[in-house]
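Colleague: I'd like to ask you about the structure that follows.
The values are calculated or read from the model by the stated rules, or taken from the named source; none is laboratory data. Predicted model, so just to flag it, every value in this text is computed and none were measured. Neighbour counts are summed over all protein chains in view; Cβ atoms, including those assigned to glycine, are modelled from backbone coordinates with ideal geometry. To get the accessible areas, we keep the full protein, side chains included, count just its heavy atoms, and leave off ligands, DNA and RNA. Shrake-Rupley method; radii C 1.70, N 1.55, O 1.52, S 1.80 Å.
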Amino acid sequence: MDADELLQQTKALAKHMSVYQPSLAPDITSNAAVSESALEELLSECEEKWKELEELQNKLTLTETDTLEDTGYEFSQLMTHVKALTAELNQWQKKEPELLSKNHDVLVAVGKEELQRVNKELEMVLSCCQTKNEKLNKDLKSEQKWLEEQEELLKAVTDKAAELQNEVMEFSESRAMQELKVKINKVIAYREKLLENLGEFIEEHFPLPQQQRNASKKNVPQEPTADLISLHEILELLMNKILQTPHEPYLTIDNTFWPPYVEMLLRYGVALRHPEDPNRIRMEAFHQ
């Protein structure tokens, strides 16, 4: 990171410092100026250290430019020189740096300046952390609100689905029963209408033989005959027999059955005669 980028980030963080300034620690200010004697002492120490650095630099320059005049030096002498330099390097690395000045006023001023610098850096870090914390809290509240809305929506949809399912089941059962009742009533009404029409047709076109003779011969004396049953009654007996006792559908013919009606039913395939007993007949199983 170069100096320009660091400066831009510092400016950006400094914009937030005014918002959080009440929560920050007060700035460290120097109430007393450094005395002139302390400044002169500090300058003199700096000059001495600078001179020492120049002397060391000169020595290093001479060491680098110095060449070996005699190529007959032994390898052991070179190794000894390397070991001496290595030992000196280790001593310098282990040596703790000395303070630039031991003057109390100088040390206090330097310490305050360093504390102010650290304080500003910590303020910037604190501002950045608080900004991030606020953003995270805002995001957390938004996510919690969205979660609550989704839970409420899921609950509403679940309740509505359960309600609709119950309504569909109840509606389906009740509707099926109602439709079945309507169909049964229609079948019953249609059956009654058919029976009524059949009865009217039979009474009109197939009257009893006594009624026929009375209509054709009003003045001729008639012989007494047995009580004959109508064609409608014969058909009703045959139907009831085949429906109530399908394992024994045959009906025995007696004197109440008028033979022309029986022969007509057998001729047109409405009734069938028993294969072994000609006095027994049954209705053709049209429903099978």
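Colleague: I need the full set of residues from the range 231-261 which are crowded, with 17+ Cβ neighbours inside 10 Å and in a helix (DSSP H, G or I), in order please.
Modeller: If the condition is that a residue be crowded, with 17+ Cβ neighbours inside 10 Å and in a helix (DSSP H, G or I), then LEU231, ILE234, LEU235, LEU238, LYS241, ILE242, TYR261 are the ones that fit.
Colleague: Among the listed residues GLU134, GLU113, which satisfies the condition of being surrounded by 11 or more Cβ atoms within 10 Å (Cβ to Cβ), over 30 Å from LEU42 (Cα atoms), of a type in the set (D, E, K, R) and modelled with pLDDT of 85 or more?
Modeller: Values: GLU113 fails: over 30 Å from LEU42 (Cα atoms).
None of the other options fit; the residue is GLU134.
Colleague: Something else about it: Just give me the residues in the range 116-131 being open to solvent by 90 Å² or more (accessible area, probe 1.4 Å) and of a type in the set (D, E, K, R), in sequence order.
Modeller: ARG117, LYS120, listed by residue number.
Colleague: Out of all the residues in the range 237-288, which are of a type in the set (Phe, Trp, Tyr), touching a residue at least 24 places away in the same chain (Cβ under 8 Å) and within 19 Å of GLY199 (Cα to Cα)? So that I can check it myself, show each step before the final result.
Modeller: First, the residues of the range 237-288 that are of a type in the set (Phe, Trp, Tyr): 250, 257-258, 261, 268, 286.
Within this subset, residues satisfying the condition of being touching a residue at least 24 places away in the same chain (Cβ under 8 Å) are 250, 257-258, 261.
Within the range 237-288, PHE257, TRP258, TYR261 qualify.
Colleague: Report whether or not LEU228 is at pLDDT 90 or above, surrounded by 10 or more Cβ atoms within 10 Å (Cβ to Cβ), in contact with a helix residue (DSSP H, G or I) (Cβ under 8 Å, 6 or more places away or on another chain) and of a type in the set (A, V, I, L, M, F, W, C).
Modeller: The answer is no for LEU228.
Colleague: Also, I was wondering about something else. Is the range 148-159 home to any residue that is open to solvent by less than 80 Å² (accessible area, probe 1.4 Å), aliphatic (A, V, I, L, M) and in a helix (DSSP H, G or I)?
Modeller: Among the residues of the range 148-159, at least one is open to solvent by less than 80 Å² (accessible area, probe 1.4 Å), aliphatic (A, V, I, L, M) and in a helix (DSSP H, G or I), which makes the answer yes.
Colleague: Okay, moving on. May I ask you to list the residues in the range 242-266 that are among the aromatic types (Phe, Trp, Tyr) and over 17 Å from PRO278 (Cβ atoms)?
Modeller: Initially, the range 242-266 is screened for residues among the aromatic types (Phe, Trp, Tyr), giving 250, 257-258, 261.
If the condition is that a residue be among the aromatic types (Phe, Trp, Tyr) and over 17 Å from PRO278 (Cβ atoms), then no residue fits.
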